[in-house]
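**Q** Supplied in structure tokens, the structure appears directly below.
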């Protein structure tokens, strides 16, 4: 029995050596570098608006996920035909879906800063958002994503 196992293992090693070039090309390789999040630098006023909030987020994983979340929101808002309330709901419900309760109470200024940014652009009254408001929202939340990434 042991001779048979040794013979089979030997044959497998010889075959593996013979076909190693083919086997090696099938094995997935790790990339040489980590993909980067590329965001164009925003206006200085947006950097000033978001810098203290982004600096208060001290967990690198939270920063990365918040960066990607806000970048995605900023990109998508341009295509929305919605009211101010619907835009706010999309942001809040999406954040609940992505983060659950993991950020609840963790960063003091996060919630109020995003709310103030939304109200600063859209106001407190519900209305159909204009193209200019969409652009402002996009730039503002992309600025937040940039600050989180830099």
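**Q** For a quick check of your reading of the model, give me the residue pairs whose first member lies in the range 28-47 and is within 17 Å of residue 63 (Cβ to Cβ), whose second is exposed (fewer than 10 other Cβ atoms within 10 Å of the Cβ) and at pLDDT 75 or above, with beta-carbon atoms closer than 6 Å and at least 6 apart or on different chains.
**A** Short answer, once both residue conditions are applied: none.
**Q** Report, by residue number, each residue of the range 70-86 that is in contact (Cβ under 8 Å) with a residue 40 or more places away in the chain, under 19 Å from the mean Cα position of the chain (by Cα) and surrounded by 13 or more Cβ atoms within 10 Å (Cβ to Cβ).
**A** Passing the criteria: 70, 71, 73, 74, 75, 77.
**Q** In the range 37-54, what count of residues is obtained for those that are part of a helix (DSSP H, G or I), surrounded by fewer than 16 Cβ atoms within 10 Å (Cβ to Cβ) and under 17 Å from the mean Cα position of the chain (by Cα)?
**A** 0
**Q** Which one of these is more than 20 Å from residue 38 (Cα to Cα) and touching a strand residue (DSSP E or B) at 6+ places or on another chain (Cβ under 6 Å): 58, 126, 88, 116?
**A** Exactly one of 58, 126, 88, 116 is more than 20 Å from residue 38 (Cα to Cα) and touching a strand residue (DSSP E or B) at 6+ places or on another chain (Cβ under 6 Å), namely 126.
**Q** Confirm whether residue 61 is in the same structural domain as residue 120 (by TED's automatic domain parsing), exposed (fewer than 10 other Cβ atoms within 10 Å of the Cβ) and modelled with pLDDT of 80 or more.
**A** When the stated conditions are applied, residue 61 passes them.
**Q** Can you tell me which of 143, 105, 100 is under 20 Å from residue 64 (Cα atoms), crowded, with 18+ Cβ neighbours inside 10 Å and assigned by TED's automatic domain parsing to the domain that holds residue 55?
**A** The match here is 143.
**Q** In addition: If I ask for residues that are closer than 15 Å to residue 138 by Cα and part of a loop (DSSP other than H, G, I, E, B), which ones from the range 77-106 would you list?
**A** Those that are closer than 15 Å to residue 138 by Cα and part of a loop (DSSP other than H, G, I, E, B): 78, 79, 80, 81, 82.
**Q** Quick check on the range 107-118. Is at least one of its residues in contact with a helix residue (DSSP H, G or I) (Cβ under 9 Å, 6 or more places away or on another chain), farther than 20 Å from residue 53 by Cβ and assigned to a loop (DSSP other than H, G, I, E, B)?
**A** no
The values are calculated or read from the model by the stated rules, or taken from the named source; none is laboratory data. Bear in mind that the values here come from a model prediction, so they are computed numbers and not experimental data. Positions of Cβ are backbone-derived with ideal geometry, glycine not excepted, and every protein chain shown enters the neighbour counts.
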